[in-house]
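**Q** Below you will find the structure I want to go over with you.
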Amino acid sequence: EQEDSGLLLQPLLEGQNYGAAAADGTQCPSVSVSRNSPAKRDCLVVAVLCFGNLINFIDWFIVPGILLDIQKYFRLSDGKTGLLQTVFTLCYTLAAPIFGYLGDRYNRKIILGAGIFFCSAVTIGSSFITESHYRIFVLTRGLVGIGSASYSTIAPTIIADLFEEGKRTIVLSIFYIFIPVGSGCGYMLAAGMAKITGDWHWAFRVTPCMGGLALFLLMLLVPHSIQRKTAAHRALSISGMKWRADEKPDVHRTAKTTWCQDVGSLIKNCSFVCSSLGLTAMAFVTGALGMWMPLFLYRAQVVQGIVPPCLQELCSSSDSLIFGGITIGAGILGIIAGAEAARRLRKIINTADPLICATSMFISALCLYIAVMVAQTNILCTFIFIAFGELFLSVNWAIVTDILLCVVTPRQQATAIALQILLSHLLGDAGSPYFIGVVSNAIQAKNIPSLQWSFRSMQYSFVLCAFVGVFGGGFFLLTSFYIEEDRKEARG
């Protein structure tokens, strides 16, 4: 059955089956259609995927937005509080390779729909958990992480199928803008609902409604299968540069391979490995900041005497609202600036992508270090340098994915994204919230309990993030030494 995509359907080259686009490997007849129809369809598909990505990251950052309230409600230490986000990210991470395998071989629309439904159901269920069932609350966060993995792994591969040349970079940038937008909205939604209703549980009852709408739009507007643009798609690189005739892939490149063979091939891909390690450092820093920064800002203001200690049932949400706004603004500007810088610099230097990532990581690390060190004396400067730190971190989101799609063969892309998620989250933001919390607990344990040491313990813990950011910049520099060779290898 032909999909209602409006694309000019061509015979599938070498009987390729990508993401269950043609499960039986048969050829499809050519059909002439209007040129406007596929463009409109593709825009609608991207809009639905972006909306889903927004919900995905709102769910991710609801807990940090009301962290102080949750910490008081369940009576948690910093270490146990950080465990909430660690369990979420760890489950997300371990589920990603499974969804990558499924996405390369089965219908992606069905997998996405199932993931959205599962996330929505578990999220609304978690809003009814009482204070005596903390472990069940932790479990629900882990289950939401599993559902989120299906979306983050598969959605970018659908975009990769729909667009070619430089358009793919632009569309991926739009898609990844909803990482910081969703993250910021997560803080603001959580804090806003807690303030309006007087009960932080209501923060978990909004996104399930949005998830229901996303599921409806997915079923209505996204085709059951999406055919990869074949000859034209493979004749162009991610940066929009045409391949030479001798670089086009042959039939052996599109032959079916096992998952183990795909993984073995990816491990040998130096650009993929180094850029993934750079992304891991980004994830470590982002995870720690995302979980603990609103609480850190609150403690800094308590030490300065700007706000009183929270002794009431519902704590102030202003820091979450401000940090959420910073995350949205810096994220949008950073991703747009990164995409535009990459577009311009690719015309000058072939290794522009990893060099942009390396530079932005170094600058971000410096800004975050300054922000943390001046927090006790000047909260305004702290907010300013946090904004710049997040801005330069956000520069890399779309570019890192662009690097992956550039150096990995099409049939391995969903698996590569899944492995990159596994590595970056397992060694990055899966552990960083818990790690920062444990370090903070250890510092507090060695000193007299006080508001001053409650702040300083978190301050000293955050310094580690700056050093991790420097290591991330180094891995992106290493990527620049291998990317040209790996790009040619991916082209065949």
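The values are calculated or read from the model by the stated rules, or taken from the named source; none is laboratory data. What you are looking at is a predicted structure, and each value in this text was computed from that prediction instead of being measured. Don't worry about glycine lacking a Cβ; one is built from the backbone with ideal geometry, like all the others, and counts go over all protein chains shown. Just the protein is used for accessible areas: all its heavy atoms, side chains included, with ligands, DNA and RNA removed. Shrake-Rupley method; radii C 1.70, N 1.55, O 1.52, S 1.80 Å.
**Q** Can you tell me which residue in region 194-212 is least open to solvent (accessible area, probe 1.4 Å), limited to those that are closer than 16 Å to residue 323 by Cβ and modelled with pLDDT under 90?
**A** Within region 194-212, the match that is least open to solvent (accessible area, probe 1.4 Å) is 194.
**Q** Within region 119-157, take every residue that is under 19 Å from the mean Cα position of the chain (by Cα) and open to solvent by 40 Å² or more (accessible area, probe 1.4 Å) and give me the one that is nearest to residue 406 (Cα to Cα).
**A** 146
**Q** Take the residues of region 438-492 that are hydrophobic (A, V, I, L, M, F, W, C), open to solvent by less than 40 Å² (accessible area, probe 1.4 Å) and under 17 Å from residue 353 (Cα atoms): which is farthest from the chain's Cα centre (by Cα)?
**A** Top of the filtered list is 490.
**Q** Kindly provide the set of residues from region 406-437 that are open to solvent by less than 10 Å² (accessible area, probe 1.4 Å) and either among the small types (Gly, Ala, Ser) or under 21 Å from residue 262 (Cβ atoms) (or both), ordered by number.
**A** If the condition is that a residue be open to solvent by less than 10 Å² (accessible area, probe 1.4 Å) and either among the small types (Gly, Ala, Ser) or under 21 Å from residue 262 (Cβ atoms) (or both), then 407, 408, 413, 414, 415, 416, 418, 424, 428, 430, 432, 437 are the ones that fit.
**Q** Could you check residue 329 against (1) over 14 Å from residue 60 (Cβ atoms); (2) in contact with a helix residue (DSSP H, G or I) (Cβ under 6 Å, 6 or more places away or on another chain); (3) modelled with pLDDT of 85 or more; (4) not polar (S, T, N, Q) and say which number it fails?
**A** Looking at each condition in turn, residue 329 falls short on (2).
**Q** Of all residues in region 343-377, which are open to solvent by 60 Å² or more (accessible area, probe 1.4 Å) and free of Cβ contacts under 8 Å to residues at least 12 places away in the same chain?
**A** 344, 345, 347, 348, 349
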